[in-house]
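Trainee: Pasting a structure below so you can have a look.
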Amino acid sequence: MDLMAQLTAVVGGTIAALRRLTVPRTQAVGETPEIPAARKQGIMTLKMPSATGWASGQRPETAPGLAVNAFASGLDHPRWIEVLPNGDVLVAEAKEQPSRPKTLLDRATQATMRRAHAIGDSANRITLWRDADSDGVAEIREVFLDGQNQPFGMALVDGTFYVGNTDGISAFAYQDGATRLTGPGRKLVDFKPGGHWTRSLIVSPDRSRIYAGVGSLSNIGDHGMKAEEGRAAIWELDLASGAARVFASGLRNPVGMAWEPKTGSLWTVVNERDGLGDETPPDYLTSVSEGGFYGWPYCYWGRIVDDRVPQDPEMVARAITPDYALGGHTASLGLCWMPQGTLPGFPDGMVIGQHGSWNRSILSGYRLTFVPFENGRPAGPPRDILWGFLSDDERFAFGRPVGVTIGPDRASLLMADDVGNTIWRITGA
């Protein structure tokens with residue numbers, strides 16, 4: 001650990017310890033959360049556990065009736081997963097690239113993120129994993145696609161493979177069973193890179209459109225709103241015409257997306273702003289309406305104004321209240337729809353990979369959780385599927401959940417762990 005990281009850990013730990021004396025002990029969760037009044041932090045709480053990875057034989061804890069095993073290991077910061085029709089599992093391996101720090105806070109943040117293995121040299125590749133003998137452990141690994149620019153989201157439609165790089169969506173020719181793509185890709189859409197850099201992708205149920213999550217550049221429009229144009233949004237790409245547009249906006253950092261089958265609605269998980277307290281505002285799970293505006297940066301959870309931001313009353317009046325709060329700063333990134341019967345004891349609902357907080361005095365997230373649904377809506381409190389990614393004293397992270405998807409057998413979940421460098425497979429015990 002370098003000197004800046006040591007100093008940041010000491011100062012950040014002291015500030016966090018003082019703030020945890022007065023923070024709420026109940027998380028803002030559910031359809032009608034209790035959100036504490038904003039408490040401007042001045043110096044933001046900066047608390048992130050050091051990344052250690054898993055010791056030999058160590059693994060996450062599971063809910064009763066479930067089991068977990070390493071489907072694939074030895075990866076380099078795995079972030080997102082796509083299962084191909086033939087059962088091959090693709091994993092995007094990428095990491096945030098540090099920009100030149102401009103302030104002391106920038107330097108402190110980067111030192112903390114390096115200690116947590118959250119920034120650094122990016123593998124910039126997609127690997128293919130094949131479980132040929134169907135024993136739940138992949139024994140074949142191939143480099144499927146390399147030389148990308150922080151790849152994240154992936155999608156396959158009618159012989160074309162799409163990649164969400166941080167600077168846009170590219171398309172590659174694909175043949176069934178291929179273990180490596182060759183030839184140059186075609187750039188279809190340009191996105192502004194940097195900031196919240198992930199670009200998740202999801203295909204519409206009729207296979208005619210692709211949706212992409214594009215996060216903001218900054219926390220609350222710190223560089224002006226012109227720099228945020230086209231960001232904090234979900235984009236829609238029409239595959240036939242190639243036309244791309246903003247589908248919904250005001251979503252600070254929308255990452256995972258999923259379709260709810262009863263209503264046909266698109267849902268996403270969103271990481272909210274920092275600097276207002278441990279539970280303020282909560283990250284959230286929400287349905288997404290065409291043309292909808294969800295508040296960022298002017299307001300949160302409907303129309304609660306953030307007075308740190310130059311205001312636009314017309315935009316505040318348009319803001320849609322999210323559907324379901326997930327707790328403050330959980331960094332909910334992964335999302336997939338899980339039908340009843342996939343895992344024993346779990347009904348229909350959404351599975352959410354919570355990467356874990358840094359802007360809290362008491363850490364949150366660091367778990368794979370589940371929100372039950374009935375009649376197209378959340379229906380009850382969340383239930384944890386996997387946990388145990390943090391040491392009891394919150395000093396060390398063995399792993400951090402990111403992307404999650406249904407396994408090839410339709411009776412398991414696969415979850416990317418970018419600190420443990422593992423793809424975990426969750427099944428019935």
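The values are calculated or read from the model by the stated rules, or taken from the named source; none is laboratory data. Small disclaimer: the values here were computed from a predicted structure and weren't measured. Methodologically, a virtual Cβ is constructed for each residue, glycine included, from the backbone with ideal geometry; neighbour enumeration extends over all protein chains shown.
Trainee: Given ARG303, ARG308, ARG245, which one is basic (Lys, Arg), at pLDDT 95 or above and closer than 24 Å to ALA212 by Cβ? First the steps, then the outcome.
Mentor: Values: ARG303 fails: closer than 24 Å to ALA212 by Cβ; ARG308 fails: closer than 24 Å to ALA212 by Cβ.
Just one listed residue meets the conditions, ARG245.
Trainee: Restricting to the range 250-266, give me the number of residues that are surrounded by fewer than 24 Cβ atoms within 10 Å (Cβ to Cβ) and either farther than 25 Å from PHE373 by Cα or of a type outside the set (Lys, Arg) (or both). Write out each step before concluding.
Mentor: Just the residues of the range 250-266 that are surrounded by fewer than 24 Cβ atoms within 10 Å (Cβ to Cβ), to begin with: 250, 257-266.
If we keep only those that are either farther than 25 Å from PHE373 by Cα or of a type outside the set (Lys, Arg) (or both) too, we end up with 250, 257-261, 263-266.
Going through the range 250-266 one residue at a time, the tally reaches 10.
Trainee: Would you check which residues across the range 130-154 are in contact (Cβ under 8 Å) with a residue 40 or more places away in the chain and small (Gly, Ala, Ser) and list them? Let's see the steps before the verdict.
Mentor: Pass one, the range 130-154, residues in contact (Cβ under 8 Å) with a residue 40 or more places away in the chain: 130-131, 134, 136-138, 141, 144, 148-154.
Those that are in contact (Cβ under 8 Å) with a residue 40 or more places away in the chain and small (Gly, Ala, Ser): SER134, GLY136, ALA138, GLY153.
Trainee: Restricting attention to the range 311-338, which residues are free of Cβ contacts under 8 Å to residues at least 24 places away in the same chain and either part of a loop (DSSP other than H, G, I, E, B) or more than 27 Å from ASP278 (Cβ to Cβ) (or both)? If you could, list the steps in order and put the result at the bottom.
Mentor: Step one: of the range 311-338, the residues free of Cβ contacts under 8 Å to residues at least 24 places away in the same chain are 311-314, 316-317, 321.
Within the range 311-338, GLN311, ASP312, PRO313, GLU314, ALA317, THR321 qualify.
Trainee: For residues that are closer than 29 Å to ILE426 by Cα, in contact with a Ser or Thr (Cβ under 6 Å, 6 or more places away or on another chain) and of a type in the set (S, T, N, Q), tally how many sit in the range 135-174.
Mentor: Residues meeting the conditions: 1.
Trainee: From (1) in a strand (DSSP E or B); (2) touching a residue at least 24 places away in the same chain (Cβ under 8 Å), pick out the condition that doesn't hold for ASP176.
Mentor: (1)
Trainee: Would you be able to say whether some residue in the range 271-283 is within 24 Å of ILE169 (Cα to Cα), modelled with pLDDT of 95 or more and surrounded by 19 or more Cβ atoms within 10 Å (Cβ to Cβ)? Write out each step before concluding.
Mentor: Narrowing the range 271-283 to residues within 24 Å of ILE169 (Cα to Cα): 271.
Those left that are additionally modelled with pLDDT of 95 or more: 271.
Filter once more, keeping what is surrounded by 19 or more Cβ atoms within 10 Å (Cβ to Cβ): 271.
Looking through the range 271-283, at least one residue is within 24 Å of ILE169 (Cα to Cα), modelled with pLDDT of 95 or more and surrounded by 19 or more Cβ atoms within 10 Å (Cβ to Cβ).
Trainee: Which of the residues belonging to the range 86-119 are among the β-branched types (Val, Ile, Thr) and without any contact (Cβ under 8 Å) to a residue 24 or more places away in the chain? Walk me through how you get there before you give the answer.
Mentor: Quick first cut of the range 86-119, residues among the β-branched types (Val, Ile, Thr) only: 89, 91, 103, 109, 112, 119.
If the condition is that a residue be among the β-branched types (Val, Ile, Thr) and without any contact (Cβ under 8 Å) to a residue 24 or more places away in the chain, then THR103 is the only one that fits.
For every residue, the table says whether it meets (1) among the hydroxyl-bearing types (Ser, Thr, Tyr); (2) outside any strand (DSSP E or B).
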residue: THR342; (1), (2): yes, yes
residue: GLY345; (1), (2): no, yes
residue: GLY365; (1), (2): no, yes
residue: GLY403; (1), (2): no, no
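Trainee: Restricting to the range 229-249, name every residue that is surrounded by 22 or more Cβ atoms within 10 Å (Cβ to Cβ) and part of a loop (DSSP other than H, G, I, E, B).
Mentor: Across the range 229-249, the qualifying residues are ARG231, ALA232.
Trainee: Hey, another quick one. Tally the residues that are small (Gly, Ala, Ser) and either over 19 Å from the mean Cα position of the chain (by Cα) or surrounded by fewer than 13 Cβ atoms within 10 Å (Cβ to Cβ) (or both), restricting the search to the range 94-119. Don't jump to the end; show me each part of the working.
Mentor: Taking the range 94-119 as the starting set, the residues that turn out to be small (Gly, Ala, Ser) are 94, 99, 108, 111, 116, 118.
From the residues that got through so far, the ones that are either over 19 Å from the mean Cα position of the chain (by Cα) or surrounded by fewer than 13 Cβ atoms within 10 Å (Cβ to Cβ) (or both) too are 99, 108, 111.
The qualifying residues number 3.
Trainee: Taking the residues in the range 271-298 that are outside any loop (DSSP other than H, G, I, E, B) and of a type in the set (Phe, Trp, Tyr) as candidates, determine which candidate is farthest from TRP358 (Cα to Cα).
Mentor: Here is the first cut: in the range 271-298, the ones outside any loop (DSSP other than H, G, I, E, B) are 282-288, 293.
Filter once more, keeping what is of a type in the set (Phe, Trp, Tyr): 284, 293.
Details: TYR284: 17, PHE293: 27 Å.
It comes out as PHE293.
Trainee: Quick check on THR268: is it among the polar types (S, T, N, Q) and not in a loop (DSSP other than H, G, I, E, B)?
Mentor: So THR268 fits the description; yes.
Trainee: Only one of (1) crowded, with 19+ Cβ neighbours inside 10 Å; (2) of a type outside the set (Gly, Ala, Ser); (3) part of a strand (DSSP E or B) fails for GLN148. Which number is that?
Mentor: (3)
Trainee: Also: Return yes when THR127 is more than 21 Å from PRO151 (Cα to Cα) and among the hydroxyl-bearing types (Ser, Thr, Tyr) and no when it is not. Write out each step before concluding.
Mentor: Values: more than 21 Å from PRO151 (Cα to Cα): no; among the hydroxyl-bearing types (Ser, Thr, Tyr): yes.
Considered against the rule, which asks whether it is more than 21 Å from PRO151 (Cα to Cα) and among the hydroxyl-bearing types (Ser, Thr, Tyr), THR127 comes out as no.
Trainee: Let me ask something else. Which residue is surrounded by the fewest Cβ atoms within 10 Å (Cβ to Cβ), if the candidates are limited to the range 405-422 and must be in a strand (DSSP E or B) and over 15 Å from the mean Cα position of the chain (by Cα)? Spell out how you get there, then give the answer.
Mentor: Taking the range 405-422 and keeping what is in a strand (DSSP E or B), we get 405-406, 413-417, 422.
When the remaining residues are screened for being over 15 Å from the mean Cα position of the chain (by Cα), the result is 406, 413, 422.
Working: ILE406: 19, LEU413: 27, THR422: 24.
Per the criteria, the residue is ILE406.
Trainee: Could you grab me the full set of residues in the range 375-389 that are assigned to a strand (DSSP E or B) and under 18 Å from the mean Cα position of the chain (by Cα)? Outline the logic, then answer.
Mentor: Applying the first criterion (assigned to a strand (DSSP E or B)) to the range 375-389 yields 377-378, 383-387.
Hits for the range 375-389 are ASP384, ILE385, LEU386, TRP387.
Trainee: Here is a follow-up. In the set THR45, THR14, THR22, which member is part of a loop (DSSP other than H, G, I, E, B), at pLDDT below 85 and loosely packed, with under 11 Cβ neighbours inside 10 Å? So that I can check it myself, show each step before the final result.
Mentor: Numbers: THR45 fails: loosely packed, with under 11 Cβ neighbours inside 10 Å; THR14 fails: part of a loop (DSSP other than H, G, I, E, B).
After applying the criteria, what remains is THR22.
Per-residue answers, yes or no, for (1) of a type in the set (Phe, Trp, Tyr); (2) within 22 Å of ASN421 (Cα to Cα); (3) part of a strand (DSSP E or B):
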| residue | (1), (2), (3) |
| --- | --- |
| PRO64 | no, no, no |
| ALA70 | no, yes, yes |
| ILE81 | no, yes, yes |
| LEU90 | no, yes, yes |
| GLY136 | no, yes, no |
| ARG141 | no, yes, yes |
| PHE144 | yes, yes, yes |
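Trainee: Then there is this: Is it fair to say PHE373 is crowded, with 18+ Cβ neighbours inside 10 Å and closer than 26 Å to LEU128 by Cα? Steps first, please.
Mentor: Working: crowded, with 18+ Cβ neighbours inside 10 Å: yes; closer than 26 Å to LEU128 by Cα: no.
Against the criterion (crowded, with 18+ Cβ neighbours inside 10 Å and closer than 26 Å to LEU128 by Cα), PHE373 does not qualify.
Results for (1) modelled with pLDDT of 95 or more; (2) crowded, with 22+ Cβ neighbours inside 10 Å; (3) out of contact with any Gly (no Cβ under 8 Å at 6 or more places or on another chain), shown as yes or no for each residue.
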| site | (1), (2), (3) |
| --- | --- |
| ASP135 | yes, no, yes |
| VAL143 | yes, no, yes |
| MET154 | yes, yes, no |
| ASP167 | yes, no, yes |
| PHE172 | yes, no, no |
| ARG186 | yes, no, yes |
| GLY213 | yes, yes, no |
